[in-house]
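The numbers here are math on the coordinates, done by the rules we state, and not lab data. Given the structure is predicted, the values throughout are model-derived calculations rather than measurements. Because the Cβ atoms are built from the backbone with ideal geometry, glycine has one as well, and the counts that use them run over all protein chains shown.
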Amino acid sequence: MAEPIKLSIDGKPVTVPPGTLLIEAAKQVGIEVPSFCYYPGLSLQGACRMCLVAIEKMPKLQTACTTVVTNGMVVHTDTPEVANTRKSMLEFLLTNHPLDCPVCDKGGECELQDAVFRYGAAETRFLEGKLHEEEKKFSNLVYYDRPRCILCFRCIRVCDEGMDVNAYGIGFRAAHSEIIPNRGEQLECEECGMCIDICPVGALTSGTYRYKTRPWEVTYTGTICNHCGDGCRTTLSVRNNVVIRANNRDHSGLNGEFLCVKGRFGWDFVNSERRLKSPLLRKNGKQEEASWEEALTFTVERLKTILAEHGPGAVAVIGSNRTTNEEDYLLQRFARTVLGTNDIDHHRTADFSSLVRALTEAGATDRYATIEDISAAKSLLLIGNDPTHQHPLIAYQIRQAVRQHGARLYIVNSREIKLRRQSSQYLQVKPQGEAEAVRALAGQAPAAQDLCAGGTGALTALADALKKESDTVILFGDEIQGQTVNDLVTCGLTLPGKTRFVALGDYANSRGAADMGLLPDTLPGYQPLSNEKARERMESAWAAKIPAAPGRNIRSIFEGIRAGEIKALLVFGANPVKTFGLDNAALTGLQLLFVAELFRTETAELANVVVPAASFAEKSGTVTNTCGEVQALKRTMRQAGTRSDLEILLALARLFGQRWTYQSPEDVLREIIALVPGYDIPLPSLLVGRAVPTHPEGRPPALERPDLVFSSRDSLFTSGTLSRYSWALNSVDEAKKPYGHAF
Amino acid sequence: MLSDRLKAKFDSVIARYPLKRSAIVPLLLFAQDEIGYVSDEAVEEIARRVGVNPIEVIEDIGYYSMLHRQPVGKFHLQVCTNISCMLRGGEKIFEHCAKELGIEHKQTTPDGLFSLEEVECLGACCGAPAMQVNYDFYENVTPEKLDALLADLRKKDQGSRIKD
Amino acid sequence: MGNILKEITNSATALAKGFSITFKTMLRPTVTENYPHQPPTFEDRYRGLHVLRRDENGLEKCVACFLCAAACPSNCIYIEAAENTAAHRISAAERYAKVYNIDYNRCIFCGYCVEACPCDAITHGHGFEISAYDTNALIYRKEQLLEPLPASAKK
């Protein structure tokens, strides 16, 4: 470690590591140096000249954002010269600025407004009229108002460096300079809206938020995005029970300022007109609105009849990838103890069970990587998946690792994914060849000659390169499952340093669903049903019997329905008809199909009973991201007529005569913390909004069949069923591009 | 489609620069000379050849006033109104031009013969007021000289048509 | 004896002093207003019912900046904003107030909203007859607050 640098700013002594920028050093001692173009993490620009400070022995004022500190530097930020300069710079920036703050969306949270208030320059000395230009619509989600723009170029840099999309440029010159989009008058990009968020003024505005309200008029609630499995923190702005925008306002959590198009704009399904508001009950072949009491009583009565006639084997349950851990936990408790069936499963999008088993067997349960580990990694191995589409945050963190810490990225994939631009070695294998490549890397089976374009030599080169790395983070998609995960973990653990692993699952709580035991053969915390001790532990906690025999997996459930063995199916927050491509006849054998959903999905259309569930914005609880980090959801609003899945389950249990004592999701969480191995998380950390990593340990049974684990391959603009009900996600032309398209 | 001659020119120009992207402006000029303006296709081709994003090529076109994204007239009249020319009546020349042709800054006559543009310093201050027609310079321009020039250009156009 | 004389003089002086005011006032013009038989008079700066102003083209001056609502100490102003379109133009700027309510149950007529308004859109009028049997009737909508369209505005 190099010697720290000592300098003085406004007479205050400062000690910082070498290479620190003056503006950052000043921040450390609480001295604010105003700037617009400087943004931590982006390349330096020196465009706005707001950060000019006086440094002794330097002839002119220097820009603090581009000056690296040196030993003995004496800096002044409070001289009249600096104050005058700030005022003059603001006067320049306001030359053509319309000062339409009362109308501008940014008014109230505008950096330029704040600076003018603080440093003056409310009056201009220019006599010429201001240049005016009409507002431009770059896309349905991004608008550009040239007169407000102060040309700090943050948007250009974040699009290029942060997002690797490069959709913006600078058009024309001098006073006529403006930000131009890449397709003539239009943007063609990932529509992540990072440019809107990063804009210090109101030049770039959001198509969904513009001119709706003012920043001090809404309530802000930090919660977790409900789309992909990365678990980005997002702040929902709510006014009158309507979500108006989402942005990670305080830049907290594991995503910092990052949000993708789904996180920033894809929340509007919550406000959708098509939300179910009342339970539907099928009467005479038609679904009709019914009261909650009617719908739930009907369900329970029908269930009781079926259980009495056919036994617990005639009832199956399908859980969700999006509901909270508490709900998932209660759902499997309900299935196993109240219904007495282990026929419970969900759409598995990554083989978390195999990863947990492999790491447990290797005695390496400290090797689950967190999102932070990814951005701080020196070396990354990505096998399968396309994080740019399926895991926008992880893709962003990988790019950050490569750009800011010079990490090496190694990719094994059968498709030309966009992240190959950042890779040091990119091994393109034949379609579905990822697993074979892993087996070959692990030395389990020799690779076929046609596995990759460059012959097996490329594979050897990759193996050699990995052996020279240390502390590699290995990320893998659904391509790697079952025994191959085991091979990958065994091979990965032989690499130098502390190798860590991430299985990439699709949705907000895919990981939580597996962790909470929405599986036919596994109890919460990956404890196999066959493990008598684990079973007894749960039985004594729940004071009920759990059937010991493993239940049907999701494919067998469908087969059971076809064969007429299963008479009742309960579906919570899933759309299996669409996901598994079931035909119309697949579910006709059922006497009861109960669906708890937000919308009338393909599955809900076939149901006898549909109950309106609450969305992520309307409930509290916890979710676990694909890296196993638990975060808290916070209720921000209410939707009349809906109930959370937790409330639905409690009501069902009550009608079954159960005396569950849970009052709130927190009660369930306390039980999870007490009972589920690996989930002994500190509650306070969770409540203050931290992401708490978990380290599950268990030996769940091996994967029964390969078609149980598959990813939906959602693109940037799709998110299972939810995205269909989002205006924003469907309003942009880019949404028509297929999965895997590189913008 | 870009002509083979242009592509060959691109190859030879790029080879002259140690840094490929330095060739962007000369490539744009050659492309414009041949096509009359810089087409989308030319932008894509140049970006591909020098290994930059197309938006960076578009930025350059915006920066340099002599590069055009749309076709311009057969004779592109560029009147300087920078300080030396302004002091010697450059603005009057520009206004005269606009009046004679019935078009404004960055506009083209309906017959596609003339385009007019008010440009920054042409580097011909010694002969202010100066103007440039395509690549030819005209110095010490007066309204009378301008009328004669316009008539001359019209005649030239007629001549070329007869020959065609 | 002298005491009695003094008392009489004092009483007479007091009476004269008191009645002088009575008689003086009798001759002055009357200040009592004959409301409701005659309309009351107001000072120009009287803070009465609010009026939302229009510009010379008849467009609403309010751009729904919410500053009045922010300045309001009794929190009685409620606004919903919306964007103007070329076909549906309400105000001259990009945004207009779709809903503008003042709750006169709460308004204390302090005038802070008028001071805060950057567009001179909200002003105090001289209206004061707002008593109602139903508190709901005291929530005034934009339509009630808006100044009528000027004759010059083409419609």
Inset, instruction - Scan the range C:106-155 for chymotrypsin sites (Phe, Trp or Tyr not before Pro) in coil per DSSP, keeping those whose Cβ has at most 16 other Cβ atoms within 10 Å, and list them by number. - result: C:F109, C:F128, C:Y133
Inset, instruction - Compute the longest continuous run of chain C that contains no exposed GluC sites (Glu not before Pro); treat a site as exposed when its DSSP state is not H, G, I, E or B and it has at most 16 other Cβ atoms within 10 Å. - result: C:57-128
Inset, instruction - Could you state the angle between the C-alpha long axis of helix C:2-27 and the longest principal axis of the C-alpha atoms of chain C, as a value from 0 to 90 degrees rounded to the nearest 10? - result: 30
Legend entry - Cα centre as origin, Lys/Arg/Asp/Glu Cβ charges: chain B dipole, Debye: 420
Inset, instruction - Quick one: among B:N82, B:N53, B:N134, which has the greatest mean-square fluctuation in a GNM of chain B with alpha-carbon springs under 10 angstrom? - result: B:N53
Inset, instruction - Give the distance, in whole Å, between the Cα centre of the range A:665-702 and the Cα centre of the range A:102-180. - result: 45
Legend entry - Estimated dipole of the protein assembly as shown in Debye, rounded to 20 [Cβ of Lys and Arg +1, of Asp and Glu -1, Cα centre]: 920
Legend entry - Among the listed pairs A:K106/C:K142; A:K262/A:K578; A:K304/A:K545; A:K106/A:K130; A:K6/A:K27; B:K74/B:K106, those beyond 23 Å (Cα-Cα): A:K106/C:K142
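Let me check against my output: what whole-number percent is the relative contact order of chain A, with C-alpha pairs under 8 Å and at least 6 apart?
Numbers: 1597 pairs, mean separation 110.2, N = 743.
Value for chain A: 15 percent.
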Inset, instruction - Round to the nearest 10 and give me the degree value, 0 to 90, for the angle of helix A:292-310's Cα axis relative to the longest principal axis of chain A. - result: 40
Inset, instruction - Please give, to one decimal in nm, the separation of the simple spin-label points placed at B:E41 and B:S12, each 7 Å out from Cα toward the Cβ. - result: 2.2
Legend entry - Residue order, fewest to most surrounding Cβ atoms within 10 angstrom, among A:T360, A:T63: A:T360, A:T63
Legend entry - Projected-area average for chain A over all orientations - Cα convex hull basis, square nanometres: 34.4
Inset, instruction - Set Lys and Arg Cβ to +1 and Asp and Glu Cβ to -1, take the dipole of chain B about its Cα centre, and tell me which of B:V141, B:P129, B:G159 lies farthest positive. - result: B:G159
Inset, instruction - Could you point to the residue in A:A54, A:I31, A:L93 farthest towards the positive end of the range A:5-93's charge dipole, with +1 and -1 charges on the Cβ of Lys/Arg and Asp/Glu respectively? - result: A:A54
Inset, instruction - Let me know the mean shielding of C:84-97 by other chains, meaning the per-residue number of their Cβ atoms within 10 Å of its Cβ. - result: 2
Inset, instruction - Enter the angle in degrees (range 0 to 90, nearest 10) between the Cα long axis of helix A:532-542 and the first principal axis of the Cα atoms of chain A, meaning the one along which they spread out most. - result: 80
Inset, instruction - Mind checking which of C:L149, A:Y662, A:L151 is farthest towards the positive end of the protein assembly as shown's charge dipole, using Cβ charges of +1 (Lys, Arg) and -1 (Asp, Glu) about the Cα centre? - result: A:Y662
Inset, instruction - Sort all Cα-Cα distances of the range A:1-151 into consecutive 5 angstrom bins from zero, then give the percent of pairs in each bin up to the one containing the longest distance. - result: 2, 9, 16, 18, 18, 13, 10, 7, 5, 2, 0, 0
Legend entry - Taking the C-alpha atoms of the range C:50-145, convex hull volume expressed per residue in Å³: 96
Inset, instruction - Would you mind ranking C:R89, A:R552 by Cβ crowding within 10 Å, fewest neighbours first? - result: C:R89, A:R552
Inset, instruction - Go ahead and estimate [θ] at 222 nm for chain A from helices alone: -39,500 (n - 2.57) per DSSP H run with n ≥ 4, summed, over the residue count, rounded to 500. - result: -7500 deg cm²/dmol
Legend entry - Mean Cα-pair separation over length for chain B, i.e. relative contact order, pairs under 8 Å, 6 or more apart, %: 17
Legend entry - Calculated SAXS-style log₁₀ I(q)/I(0) at q = 0.09 Å⁻¹ - the range A:352-504, Debye, Cα scatterers: -0.23
Legend entry - Whole-number D in µm²/s for the range A:42-106 (Stokes-Einstein; Kirkwood sum over Cα pairs; 10 °C, 1.306 mPa s): 116
Legend entry - Inter-part distance where the range C:1-28 and the range A:357-410 are each reduced to a Cα centre, Å: 103
Legend entry - Binned Cα-Cα distance frequencies in the range B:75-163 - 5 Å width, integer %: 3, 16, 27, 26, 16, 8, 3, 1, 0
Legend entry - For the range A:388-448, convex hull of alpha carbons as volume per residue, Å³: 90
Inset, instruction - Filter the GluC sites (Glu not before Pro) in the range A:49-117 to those in DSSP coil with at most 16 other Cβ atoms within 10 Å of their Cβ, and list the result. - result: A:E56, A:E109
Inset, instruction - Using DSSP, restrict attention to beta bridges with both residues in the range B:75-163 and report what percent are antiparallel, rounded to the nearest 5. - result: 55
Inset, instruction - Quick one: net charge around A:A691, please, counting Lys, Arg +1 and Asp, Glu -1 for every other residue with C-beta under 15 Å from its C-beta. - result: -2
Inset, instruction - Please order C:I122, C:I90 by the number of other Cβ within 10 Å, starting at the fewest. - result: C:I90, C:I122
Legend entry - Simple Cβ-charge dipole of the range B:75-163, Lys/Arg +1 and Asp/Glu -1, about Cα centre, in debye nearest 20: 300
Legend entry - Cα pair distances exceeding 17 angstrom across the range A:5-93, given as percent: 42
